[in-house]
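Remarks on the structure that follows.
Any read-out appearing in this document is the output of simple, stated calculations on the displayed coordinates, not a laboratory observation. The structure presented is a predicted model; accordingly, all values stated were derived computationally and were not measured. Using ideal geometry, Cβ is built from the backbone for each residue, glycine included, and neighbour counts are taken over all protein chains shown.
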Amino acid sequence: MANKVFHVMYDDDQTLLDAARALVAQGVRVKEVFSPFPIHGLDRSDAHSSGNLCIYVCLHRNRIVNSRYMVFHGERLGLEHWRKAKLYLD
Amino acid sequence: MFKESNIRKPLILGHKTYHDITNDIVNPIEGPAPKQWKIAFTIALIVALYGIGVISYLVGTGIGSWGLNKTVGWAWDITNFVWWVGIGHAGTLISAVLLLFRQRWRMAINRSAEAMTIFAVIMAALFPVFHMGRVWLAYWTLPLPNQFGSLWPNFNSALMWDVFAISTYFSVSLVFWYIGLIPDFATIRDRVSKPWMKKFYGILSFGWSGRAKHWTRFEEISLVLAGIATPLVFSVHSIVSMDFATSIVPGWHTTIFPPYFVSGAIFSGFAMVQTLLLIMRKTMKLEAYIHLKHIEYMNIVIIVTGSIVGVAYLTELFISDYSGVQYESYAFINRFSGPLAWSYWCMMTCNVISPQLFWFKKLRTNLVFTFVMSIIVNIGMWFERFVIIVTSIHRDYLPAAWGEFKASPIDIGMFIGTIGIFFTLFLLFARYFPVLALNELKTILKTSGESYKNENKH
């Protein structure tokens, strides 16, 4: 399990919150959450523990963003581009 | 998630999505400048350049070019200083006090109110700085070791406290404003395509990435800064009032000055916010975010602070007579019946009577009326300072030393010039900076957005 890294995108803060809680409950560790605005309820155990899951809340019109691009541009992306919930496997 | 009662009016009107909010705020920055903006900016810039010309003349010729004389040693300069500092107070109140009280309606107006604060404080600072005459020695007001200047500042002077109050106030307001801007700059950086704009907003946004930890820190630092700024809302204008209250001039030597000045400052500041926002919401099409409810809330603040100001006027009038001190009571008789009585009655009408009209809901929710009132209030507040300052000193203890004051063209030119510089800065802000805290607004969309609220109702 520890070797798999997921990058997940959600188009809504509530969906992200629910999903993050479900994943944490299943033992998946959330590494980082990027969002265009503060999401309350993501406490430290969800968002800040070192782990393998990256969640991006992204706002987007139509652009397809692939996971490699996202990993590489993780720092710069994520403020404006939302997409339908999609799971990327690296 | 935070739930808001359905009785409360929505703060964001219409069917907005997260993306719409970004578009509404950022599109005007990305697109070409509208014609109205160009016209307004040109006018403001011309007035500003005229002001800079007047200031240059003042520095070259000396303070004698103002209308001051031996009796009236302080007039328009300090009047304008107090007026501008007062205007600045609304921004800090909105950003700090309303944040601590969790008033969500502040999110639509705090950014431009804070910008207004910063620009108003800069304008205010110009007056004492240029009144020094030799501005290149302005650093003498700082407690630097004597090899830098030949004077050690007098810490017993309220003017000295002003230097610290204003500079602290300015720096805290600036940091507060800038920290709020960082995530919004990052949003612009990620959207724009022009390379220079990407670079410009990239530098301004300090590499903001939007990770959860950054947002936590962002919210924490906002609260800490609000905590620091809250006492400043009250202390700065208290100290400004002490410039007068610590002296023994009749009409100035009053203990009610600090609360009286602070409420007057908030009163005039909100009026200026109304003036600016009513134009901005219309020209930048922000009616969905800054709507009648926001205007009404601000008008309510204007009623409350305006009433405090009214009570203060009547209190000082009563106390001047009740004190039994001839000089004190004459100062007030002179105010309402002396040669400058017109300014006293102008102040009374604008500040005491007119804000009371806002008790009528029809009037306080009328945009045109609010706009006219906001200008009347600021005229009234300018006259308040003029009355306090000039009428108190033009006739004090010795009738042999009584005098008159007549403003010179340089007095008037410098005042008009600062209005020009203020609007130049504000228009630049409105063009290149996000005028609403767009990312903060998104946090209230689901709780206070109209379409979401209606959905929850069913």
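Can you pull the percent of Cα pairs in segment B:81-179 with separation above 15 Å? Everything past 15 Å amounts to 66 percent.
Dipole check for segment B:223-362: with +1 at the C-beta of Lys and Arg, -1 at the C-beta of Asp and Glu, and the Cα centre as origin, the magnitude is about 700 Debye. Checking the a/c ratio against 1.5 first, then a/b against b/c, what shape does the Cα gyration tensor give for segment B:313-458? Prolate shape, in that a/c is at least 1.5 and a/b is the bigger ratio. The Cα-based radius of gyration and maximum Cα-Cα distance (Dmax) for segment B:198-339 are 21.9, 68 Å.
Every Cα-Cα pair in segment B:183-245 was counted, and those over 15 Å apart are 66% of them. Test of understanding: extend the Cα→C-beta vector of B:Ser408 to 7 Å, then name every residue of segment B:115-137 with backbone N under 13 Å from that spot. Only B:131, B:133 fall inside the zone, counting backbone N under 13 Å. Only bridges whose two residues both fall in the protein assembly as shown count here: according to DSSP, what percent of them are antiparallel, nearest 5? Bridges in the protein assembly as shown are about 40 percent antiparallel. Across the cross-link table entries B:Lys9/B:Lys453; A:Lys31/B:Lys446; B:Lys16/B:Lys198; B:Lys16/B:Lys213; B:Lys293/B:Lys362, which are compared at the Cα atoms, the separations over 20 Å belong to A:Lys31/B:Lys446; B:Lys16/B:Lys198; B:Lys16/B:Lys213.
So for segment B:263-357, taking the charge dipole from beta-carbon charges (+1 Lys/Arg, -1 Asp/Glu), which of B:Met284, B:Ile302, B:Ala312 sits furthest toward the positive end? So the residue furthest toward the plus end is B:Met284.
Convex hull volume of the Cα atoms of segment B:41-117, normalised per residue: 109 Å³.
Suppose every K and R has +1 on its Cβ and every D and E has -1 on its Cβ; what is the size of the dipole of chain B about the Cα centre, in Debye to the nearest 20? Once rounded to the nearest 20, the dipole reads 1760 debye.
Protection proxy ranking of B:367-378, B:54-65, by the mean of other Cβ atoms within 10 Å over each peptide's residues and highest first, is B:367-378, B:54-65. When chain B is described by a simple charge dipole with +1 on each Lys and Arg Cβ and -1 on each Asp and Glu Cβ, the residue from B:Gln103, B:Asn23, B:Pro399 located farthest towards its positive end is B:Asn23. Taking amide H atoms as placed 1.01 Å from N in the peptide plane, the amide H of A:Val33 lies under 5 Å from those of A:Ile55, B:Ala212, B:Lys213, each 5 or more residues away in sequence or on another chain. Distance from the alpha carbon centroid of segment B:271-299 to that of segment A:5-46 works out to 36 angstrom. For segment B:386-402, putting each phi into the Karplus relation 6.51 cos²θ - 1.76 cosθ + 1.60 with θ = phi - 60° gives couplings of 4, 5, 4, 7, 6, 5, 6, 9, 6, 9, 10, 4, 9, x, 5, 9, 5 Hz, in residue order, rounded to whole numbers and with x for Gly and Pro.
Taking the protein assembly as shown, how much of its Cα-Cα pair set, in percent, is spaced more than 47 angstrom apart? More than 47 Å apart: 21 percent of the Cα pairs in the protein assembly as shown.
Scalar couplings 3J(HN,Hα) for segment B:354-367, obtained by applying the Karplus form with A = 6.51, B = -1.76, C = 1.60 to θ = phi - 60°, are 4, x, 5, 5, 5, 5, 7, 4, 4, 6, 6, 9, 9, 5 Hz; x denotes Gly and Pro. With just the Cα atoms defining each centre, how far is segment B:13-72 from segment B:393-458? Give it in Å. With segment B:13-72 and segment B:393-458 each reduced to a Cα centre, they are spaced 11 Å. The alpha carbons of segment B:56-100 give a radius of gyration and a Dmax of 16.4, 48 Å, in that order.
Karplus couplings for segment B:66-76 from phi (6.51 cos²θ - 1.76 cosθ + 1.60, θ = phi - 60°), rounded to Hz, Gly and Pro as x? Once rounded to whole Hz, the list reads 7, x, 5, 9, 5, 7, 9, x, 9, 8, 5.
Candidate cross-link partners of B:Lys406 among the aspartates and glutamates, defined by an alpha-carbon separation under 18 Å and a same-chain spacing of 8 or more, comprise B:Asp77, B:Glu384, B:Asp396.
Note on chain B: Rg/Rh from Cα positions, Kirkwood definition for Rh, rounded to two decimals, is 0.99. Peptide B:437-447 has a mean of 3 when you count, residue by residue, the C-beta atoms of other protein chains within 10 Å of its C-beta.
Entry note, the protein assembly as shown: the mean residue ellipticity at 222 nm calculated from DSSP H runs of n ≥ 4, each adding -39500 (n - 2.57), is -19500 deg cm²/dmol after division by the residues and rounding to the nearest 500. What whole number of Å gives the distance from the Cα centroid of segment B:156-178 to the Cα centroid of segment B:304-351? A separation of 30 Å, based on Cα centres.
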